[in-house]
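Below is one structure, written out as structure tokens; the observations come after it.
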Number of protein chains: 4
Amino acid sequence: MVSSPSQRPSSYWKLKVPDVEPGGLSDALIESWPSYATYVVSFLTIGIIWVNHHAVLDRIRNVTRPLLFMNLVFLMAVAAIPFPTALLADYLQAGHDESLAAAVYGGTMAVMGVTFGAIWAYAVLSEDLLHEGVDPERARRSLWIFAAGSPLYVLAIGVSLLSATLALAMYALLALFYLFDALPPLKQGDEEKGVGET
Amino acid sequence: MVSSPSQRPSSYWKLKVPDVEPGGLSDALIESWPSYATYVVSFLTIGIIWVNHHAVLDRIRNVTRPLLFMNLVFLMAVAAIPFPTALLADYLQAGHDESLAAAVYGGTMAVMGVTFGAIWAYAVLSEDLLHEGVDPERARRSLWIFAAGSPLYVLAIGVSLLSATLALAMYALLALFYLFDALPPLKQGDEEKGVGET
Amino acid sequence: MVSSPSQRPSSYWKLKVPDVEPGGLSDALIESWPSYATYVVSFLTIGIIWVNHHAVLDRIRNVTRPLLFMNLVFLMAVAAIPFPTALLADYLQAGHDESLAAAVYGGTMAVMGVTFGAIWAYAVLSEDLLHEGVDPERARRSLWIFAAGSPLYVLAIGVSLLSATLALAMYALLALFYLFDALPPLKQGDEEKGVGET
Amino acid sequence: MVSSPSQRPSSYWKLKVPDVEPGGLSDALIESWPSYATYVVSFLTIGIIWVNHHAVLDRIRNVTRPLLFMNLVFLMAVAAIPFPTALLADYLQAGHDESLAAAVYGGTMAVMGVTFGAIWAYAVLSEDLLHEGVDPERARRSLWIFAAGSPLYVLAIGVSLLSATLALAMYALLALFYLFDALPPLKQGDEEKGVGET
């Protein structure tokens, strides 16, 4: 069977440049909407988790070997995100198998979220790893907010069986949910770090 | 329909390696001029905006959550630039639909410019975010120079309907326009930052 | 001869997005298990060697030209890893030539390990390059642990002739073997480096 | 005309994963030697120039706008290197047009070398940009060693018309030529920079 041009898989990072065919660019751009939508959702999710990752590491005083290894697994999930992103874009455009693609997308995001939460939980529960400027009581309470995201991802994976488009919208909302700063504030006694947060 | 080799879309980052065919390398290299031209314009634009982005962040004292989010949207536009670059190179070479491709190119650049300007405007107008070494009056005046770029991009998008090549030349000139330092000088009282600007 | 879709080589970095065909996504995902397995092994290996590389550089006081050149050759081996990763994934899935692919994979890993060990050996044996916080005696003993990895890689390359899958499992175990901190501790007199290791 | 698998252009970064065909891996790996040879030469060239670039920037006190722009053009040449690398690998393997490909390769390297030399020449000749720890007289003399590389690249481009393989060997030797430290030593009065060079 000869592949039609639209069946070519997406270029890995991430906006698909359509095959050059006479007079077809405007149609090709409109048909490629899943490529743009998944690009935006994946970029926002990675960007927001990047900001939060930075904030978590600021609150950790001692970096131990187990923490480095957990961080490595977390980075492995982050680095894998372009794969389900391309998958979901391709199958949303193809109009079949998009539920499975959306479930794979949500599963990758859930793994990323769980490993990220595990880093923070490990640091909070083994108390001597926390920065002295962090209130241990508030740190422990923040774990509940982290934990709240996981069932929402499970819910979104369930929704993807009904509608992949709706599931994608839920993933976007989940990214924005993590935009709010759930971490306890960091009181810094040293002045050389001038970049504060209000 | 079987695709001819020249219809293969550009490799994403960015100079297109032509298909290997006997005796055809010199012709293939000459035909690929849009690939080199768009590479140069995109690289210069990203490079100059990178220098300016660094200069803007130097003049901001407090990095707040809204600023981080605006920066994320700005980075999303920057990271998308290879897409319209490959699109414009492909359609300039194909000789059709190049106006639409040039307009998409200009639109991406305009989004990047607007989000970049928004970061600086937000920092200038909510005065406590500005570094103390920046004169607030001159900072406010610099916003006009930032604002001047946006209608020029709109003009270039209009020109792209007449000639995609001419529009590409305008995008190059717009990049060079931002080469001039429009930001107010930064007076630094601390000596440990030895890298000054004359 | 027309290539069947499964004969398309892997996208370079690294999880292969399957060609879009009706109803075939779940099968395509299951068939692509070598792509995920090699991704995980390569990511873990690079990640663990990255942590160890950081730890080695922390223990080196003077960076000389020969050291920079050895580091360059080491980085060249690291940057080449996606190549045998894609090769092994493709041929494990194709079901032929996988022994040669697994041997090439192991050979690349062995080159990386040997150049990495050479950097540390060079620093330890030319004693004035070592950080003063490192005990030279313990540093010399640590060289034996480094040397122990090389024959294991040679063994795994031999095993790859029997079973590529078993060899891949051995490469994963070898990565985890390097997870244990073989380097002598670094005693730091300066307090500004607050990140200690327990 | 249907393309044979070996005519597929190289993946951009840089070691070509061969198409999967029964029993053909060992032959495919041997035939792909230009891919490995050009990878090594390009990696060494970029790596050595990276070390030298770092050393040059260490000797520059004031970073001015013209210097930033020259650096941008230099980085544009560096970022373009994968293109002639893939080109030369493809045409060496194809066995035709390899002279033109080798000349394009040498031309890109020469542009990189000239822009790199221009940065150092600009810093040396406009004397107030030099770090105070650099002897201006020795800095001026070092410019001759920088200048010596350019005619050698021109010579190698000429040689590429006779033999692309010989030209590639010359490019490798030229990279190693720049391995020797041609820059004047940097005397540092401040102790916080503990990484010295012997």
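The values are calculated or read from the model by the stated rules, or taken from the named source; none is laboratory data. Bear in mind the structure is a predicted one, so any value in this text is a computation, not a measurement. As a convention, Cβ positions derive from the backbone with ideal geometry for all residues, glycine included, and neighbour counts pool all protein chains shown.
Key figures for this structure:
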read-out: Residue satisfying all of: in the range B:77-86; of a type in the set (A, V, I, L, M) and touching a residue at least 24 places away in the same chain (Cβ under 8 Å); nearest to the other protein chains (Cβ to nearest Cβ) among these; value: B:Ala86
read-out: Out of D:Glu98, D:Glu132, sole residue that is surrounded by 13 or more Cβ atoms within 10 Å (Cβ to Cβ), acidic (Asp, Glu) and modelled with pLDDT under 95; value: D:Glu98
read-out: Qualifying positions in the range C:21-41 - polar (S, T, N, Q) and not in a helix (DSSP H, G or I); value: C:Ser32
read-out: D:Arg65 being of a type outside the set (Asp, Glu), in contact with a His (Cβ under 6 Å, 6 or more places away or on another chain) and over 19 Å from D:Phe177 (Cβ atoms); value: no
read-out: Failed item in (1) among the acidic types (Asp, Glu); (2) in contact with a Leu (Cβ under 6 Å, 6 or more places away or on another chain); (3) away from chain B (no Cβ under 12 Å), with D:Asp97 passing the rest; value: (3)
read-out: Tally, over the range B:42-60, of residues that are part of a helix (DSSP H, G or I) and in contact with a helix residue (DSSP H, G or I) (Cβ under 8 Å, 6 or more places away or on another chain); value: 12
read-out: Within the range B:115-144, tally of residues that are in contact with a Gly (Cβ under 8 Å, 6 or more places away or on another chain) and aliphatic (A, V, I, L, M); value: 1
read-out: Residue in the range A:121-140 that is aromatic (Phe, Trp, Tyr) and under 25 Å from A:Leu173 (Cβ atoms) present; value: no
read-out: Failed item in (1) farther than 26 Å from A:Ser150 by Cα; (2) surrounded by 18 or more Cβ atoms within 10 Å (Cβ to Cβ); (3) in contact (Cβ under 8 Å) with a residue 12 or more places away in the chain, with A:Val17 passing the rest; value: (3)
read-out: Residue check for A:Val63: assigned to a helix (DSSP H, G or I) and either within 16 Å of the chain's Cα centre (by Cα) or at the interface with another protein chain (Cβ under 7 Å from one of its Cβ atoms) (or both); value: no
read-out: Residue list for the range A:140-164, restricted to those being among the small types (Gly, Ala, Ser) and modelled with pLDDT under 90; value: A:Ser142, A:Ala147, A:Ala148, A:Gly149, A:Ser150
read-out: Residue satisfying condition, being within 20 Å of B:Ala101 (Cβ to Cβ) and at pLDDT below 75, within set B:Pro18, B:Pro22, B:Pro34; value: B:Pro18
read-out: Those residues of the range C:34-62 which are without any contact (Cβ under 8 Å) to a residue 24 or more places away in the chain and surrounded by fewer than 20 Cβ atoms within 10 Å (Cβ to Cβ), in sequence order; value: C:Tyr36, C:Trp50, C:Val51, C:His54, C:Leu57
read-out: Scope the range B:83-108; condition of a type outside the set (A, V, I, L, M, F, W, C), out of contact with any helix residue (DSSP H, G or I) (no Cβ under 7 Å at 6 or more places or on another chain) and in a helix (DSSP H, G or I); matching residues; value: B:Asp90
read-out: Residue in the range B:81-93 that is farther than 28 Å from D:Phe69 by Cβ, touching a Lys or Arg at 6+ places or on another chain (Cβ under 7 Å) and buried (at least 18 other Cβ atoms within 10 Å of the Cβ) present; value: no
read-out: Residue in the range D:109-126 that is within 10 Å of chain B (Cβ to nearest Cβ), crowded, with 17+ Cβ neighbours inside 10 Å, assigned to a helix (DSSP H, G or I) and in contact with a helix residue (DSSP H, G or I) (Cβ under 6 Å, 6 or more places away or on another chain) present; value: no
read-out: One residue from B:Ser142, B:Ser150 being in a helix (DSSP H, G or I), touching a helix residue (DSSP H, G or I) at 6+ places or on another chain (Cβ under 9 Å), among the polar types (S, T, N, Q) and surrounded by fewer than 15 Cβ atoms within 10 Å (Cβ to Cβ); value: B:Ser150
read-out: Pairs with Cβ under 9 Å, 6+ apart, first in the range C:148-159 and touching a residue at least 60 places away in the same chain (Cβ under 8 Å), second surrounded by fewer than 19 Cβ atoms within 10 Å (Cβ to Cβ); value: none
read-out: Selection status of C:Phe74, without any contact (Cβ under 8 Å) to a residue 24 or more places away in the chain, under 28 Å from C:Arg140 (Cβ atoms) and within 13 Å of chain D (Cβ to nearest Cβ); value: no
